[in-house]
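Below you'll find the structure, written out as C-alpha cells, and then a few comments.
The values are calculated or read from the model by the stated rules, or taken from the named source; none is laboratory data. Since the model is a prediction, treat every value here as computed from it, not as a measurement. So basically every Cβ, Gly included, is an ideal-geometry build from the backbone, and we count neighbours across all protein chains shown. Each accessible area value is taken on the protein alone, full model and side chains, heavy atoms only, with ligands, DNA and RNA left out. Shrake-Rupley method; radii C 1.70, N 1.55, O 1.52, S 1.80 Å.
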Amino acid sequence: MKNRVVSAPRGSPLDLGGVAVWPGWFDAGAQAALVDDIRTVARSAPFFRPVTPRGQPMSVRMTSAGRYGWVSDRRGYRYAPRHPSGADWPPIPQAVLALWHEVTGLDRAPDCCLVNFYGEGARMGLHQDRDEADFSWPVVSVSLGDDGLFRVGGQTRGGRTQSLWLKSGDVAVLGGAARLAFHGVDRIRFRSSPLLPEGGRINLTLRMVD
Ligand code: SIN
Ligand code: MN
C-alpha cells in the first residue's frame, strides 16, 4: 500500500483574552510564498496611506484583495468595491483562502483581505473591527516579517489588556466573544525578521463584509 502523508494536526492555540493564536502556523517557505502573493496584489492595488476621518495620516500603509477593500479618508472608515485608483481589488491569494477555510472550518470565502504594512515606527491604536455587517463571522489575521506587539482588551475601551509579540508565520482568530475585542499594535521590532529585505511587518486580515 502506498504511503499516505497526513498533515500534522495543528496544536491547540494560545488564548490571548479570547483571541486564538497559533504561533508558527506558516513555515519559512510558506511565509516567503505569501510575501510573493502580496507583491502580486500590490502590483495591481498599490499600497496607500489612509487618513483618519479627522484628516490624520495613519502610520500604516494599506491595500486589499477580494470583493471589498477597507479604506479610510475624510468621508470615514468603510469598505469600498474599488481601490482609490478606481481599479478593482485583485483576487485573494489561494494560500490565504486555504488558511481561512482550514482555521475557521467555514465554506464561505472571505470578502476582504486587508493588507497592512508597518514600516519602522508604524503602529495601530486600539480599535474594534466593526465596519462589517455581521459580527458572528470571525476575523482571521496572519503576521509576516518583523515582530509586532499585539495588544488585546475587552469589548469596552479602557479595560484590562494583554499583549503578545506576534511573529512571522503566526495566525490569530478574533471570533466568538473576542470578535469585538479592542486590539492594536503598539510597536514593531524593526528588522527583527529576515523575511522582508527592507524590514517591516505585513499583517493580513480576512473579513466577511456583507
Ligand atoms: C488590524 O487590526 O487591522 C491589524 C492587526 C495587526 O496588525 O496585527
Ligand atoms: Mn483590526
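The table below lists the values:
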{"quantity": "Among 195-205, 53-63, 143-153, the order from most to least packed when residues are scored by Cβ within 10 Å on average", "calculated": "143-153, 195-205, 53-63"}
{"quantity": "Cα-based Kirkwood hydrodynamic radius, the chain, one decimal, Å", "calculated": "17.4 Å"}
{"quantity": "Accessible-area composition of the chain, carbon plus sulfur, in percent [1.4 Å probe]", "calculated": "52 percent"}
{"quantity": "In nm, spacing of pseudo-spin labels at A177 and D73 (7 Å Cα→C-beta vector)", "calculated": "4.1 nm"}
{"quantity": "Calculated FRET value between A98 and T52, using beta carbons and R₀ = 41 Å, to 0.05", "calculated": "0.75"}
{"quantity": "Alpha-carbon gyration tensor eigenvalues x 5, square-rooted, for the range 127-207, Å", "calculated": "24, 15, 9"}
{"quantity": "Where the range 68-210 is the region considered: accessible area per residue in Å², 1.4 Å probe", "calculated": "44 Å²"}
